[in-house]
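Okay, so here's the structure we're looking at.
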Amino acid sequence: MSTLQILGYHKIGPPSPDAWETWYYVPTATFVRQMTQLRDGGWKVISEQTLLRALAAPESLPRRAVMITFDDGYRSVLHHAAPVLRRFNFPAMVFVPTHYIGGGSTFDANTREPVEPICSWQELHELEIAGICVESHGASHKTFSDLNATQIESELRDSKIDLERGLNKTIGFHAYPYDDPGRHPDQTDAALKQLGYQAAFRFTGGACAWPPANPFHLTRIPVWPDTDLSKELTA
Ligand SMILES: [Zn+2]
């Protein structure tokens with residue numbers, strides 16, 4: 001049994017002028033340090049193609065495999081994370097809620113988390129060109145437990161169709177907004193499978209045993225400004 005360590009980030013770099021620091025912002029210097037820890041620790045950062053292959057053939061997962069993921073598609077991923085990832089030659093994956101493309105993270109407007117710009121279609125294309133694969137985070141960034149089965153299916157279907165049309169590629173992955181697979185996770189899994197998703201990501205749960213018990217609940221390691229990857233990651 002091997003493991004895949006999937007890192008979960010949100011915002012990279014400084015807050016926008018009207019925003020403020022929170023635990024969801026990882027400063028650029030910290031991000032560079034964490035990427036350095038991956039490189040120096042001999043971790044193998046895998047792409048979505050390698051993930052797809054490993055889902056079909058679990059033994060093909062490289063040793064010390066790591067994935068880098070970002071939720072919400074913040075513009076800061078393009079401006080602050082992408083240049084660093086390029087320098088290290090690391091691929092990554094970003095999950096964007098399609099109703100917010102080109103807008104702001106107003107789904108956070110009633111929380112203590114400041115609203116930040118979300119990538120436009122042009123910026124999502126730039127992420128793809130930079131080796132950061134764009135995938136689904138639903139359409140309206142709703143808590144699935146507040147939705148019925150039909151609404152959940154619409155979130156998964158509409159976001160997939162929009163992203164496939166906008167990016168001219170196949171969408172195979174989903175990350176649950178708020179780490180919430182809904183009140184009936186089995187039904188959500190069935191909808192994901194039926195719509196052609198290959199796997200889905202939780203935000204928490206730690207290192208993911210490989211092969212995964214359920215590909216629609218790949219667990220992740222949330223990364224915060226004080227996360228020391230040399231301690232967090234265990235082969
Ligand atoms: Zn989110």
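Odds and ends about this structure:
- Flag for Tyr9 being closer than 30 Å to Asp108 by Cα, in contact with a Ser or Thr (Cβ under 8 Å, 6 or more places away or on another chain) and at pLDDT 95 or above: yes
- Qualifying residue in segment 179-192 (condition: under 19 Å from Cys133 (Cβ atoms) and of a type outside the set (Lys, Arg)): yes
- In segment 45-58, of all residues being without any contact (Cβ under 8 Å) to a residue 24 or more places away in the chain and surrounded by 14 or more Cβ atoms within 10 Å (Cβ to Cβ), the one that is nearest to Leu4 (Cα to Cα) corresponds to Thr50.
- Any chance Arg157 is touching a residue at least 60 places away in the same chain (Cβ under 8 Å) and charged (D, E, K, R): no
- Segment 116-150: number of residues that are of a type outside the set (S, T, N, Q), over 18 Å from His184 (Cα atoms) and not in a loop (DSSP other than H, G, I, E, B): 14
- Matching residues, segment 1-49, being basic (Lys, Arg) and closer than 19 Å to Cys133 by Cα: Lys11, Lys44
- Of residues in segment 95-110 being in contact (Cβ under 8 Å) with a residue 40 or more places away in the chain and part of a strand (DSSP E or B), the one farthest from the ligand (Cβ to nearest atom): Val96
- Some residue of segment 140-148 being aliphatic (A, V, I, L, M) and either within 21 Å of Gln198 (Cα to Cα) or away from the ligand (no atom under 16 Å from the Cβ) (or both): no
The values are calculated or read from the model by the stated rules, or taken from the named source; none is laboratory data. Keep in mind it's a predicted model, so treat the numbers as computed, not measured. Cβ atoms come from the backbone with ideal geometry, glycine included; neighbour counts cover every protein chain shown.
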